[in-house]
1. Is it the case, given these coordinates, that A64 is modelled with pLDDT under 90 and under 24 Å from T152 (Cβ atoms)?
2. For the stretch 86-98, what are the residues that are outside any loop (DSSP other than H, G, I, E, B) and in contact with a strand residue (DSSP E or B) (Cβ under 7 Å, 6 or more places away or on another chain)?
3. Condition check: among the hydrophobic types (A, V, I, L, M, F, W, C) and either more than 25 Å from V26 (Cα to Cα) or modelled with pLDDT of 95 or more (or both). Does V89 satisfy that?
4. Residues E141, E125: which one is more than 19 Å from G47 (Cα to Cα), open to solvent by 50 Å² or more (accessible area, probe 1.4 Å), at pLDDT 95 or above and not in a strand (DSSP E or B)?
5. Quick one: which residue in L79, L83 is closer than 18 Å to L51 by Cα, touching a Leu at 6+ places or on another chain (Cβ under 9 Å) and part of a helix (DSSP H, G or I)?
6. Here are some residues: R92, R98, R68. Which one is open to solvent by 70 Å² or more (accessible area, probe 1.4 Å) and closer than 22 Å to A34 by Cα?
7. Need a quick list: helices (runs of 4 or more DSSP H) entirely within the stretch 13-61 having at least 3 residues that are under 17 Å from D81 (Cβ atoms).
8. Any residue at all in the stretch 99-109 that is without any contact (Cβ under 8 Å) to a residue 24 or more places away in the chain and assigned to a strand (DSSP E or B)?
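The values are calculated or read from the model by the stated rules, or taken from the named source; none is laboratory data. Note that the structure is predicted; figures quoted are calculated from it, not measured. As a convention, Cβ positions derive from the backbone with ideal geometry for all residues, glycine included, and neighbour counts pool all protein chains shown. Accessible surface areas use protein heavy atoms only, side chains included; no ligands, DNA or RNA. Shrake-Rupley method; radii C 1.70, N 1.55, O 1.52, S 1.80 Å.
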Amino acid sequence: MPATQRPGMETSDALDSDLGWTLGVVFRAYVRTANALVSHLPGGPRGYQVLTAAAQELPGGQGALAQRLGVDKTVMTYLLDDLEQAGLVERRPDPADRRNKRIVATERGRATWADTQTRLEHAEEHVLAPLDPADRSVFRELLRKLAIQANTLDPVHDTCRLVAELAPDTTPAKPRRAPRR
């Protein structure tokens, strides 16, 4: 077996040390499980993020939350409508600015969030199982710092637009007509 391969692994050390590849592998492992655990919520992962913010009573209103999560304001409105209809959140006037709506979790929303949070913690432990508890803590803290810095330098205000900007043009080319003879 070549020195660059591990038993049972087809990847090379160069690939193993590639930041994009390693982040992608860990991200996909987490997302597969997490998406299944939040699929019962309106909006899935985004709904869970909104519910988390509401359960923790994060300051700021609907617009600030949309900006922080990188969700288009119109999409956020529909997402909140769905979460509100499910009895998980409420929109309340902000005492500091009555034009602003605060997003607050209902009792049912808090219970749903707590249950989902517990299940997600088990999923996180599964993904982070190769790390000992001290390394898990350090990893989480370093990742948190990177996320905050990345969002500060390049905040995502509209994920739909970002995806469109980053994705290559996938519009099929129009077939060319054969020249007439």
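1. So A64 passes the test.
2. V89, E90, R91, R92, P93, D94
3. Considered against the rule, which asks whether it is among the hydrophobic types (A, V, I, L, M, F, W, C) and either more than 25 Å from V26 (Cα to Cα) or modelled with pLDDT of 95 or more (or both), V89 comes out as yes.
4. Being more than 19 Å from G47 (Cα to Cα), open to solvent by 50 Å² or more (accessible area, probe 1.4 Å), at pLDDT 95 or above and not in a strand (DSSP E or B) holds for just one of E141, E125, which is E141.
5. Every option except L83 fails the conditions.
6. None of the other options fit; the residue is R68.
7. Fully inside the stretch 13-61 and qualifying: 44-55.
8. Yes: one or more hits.
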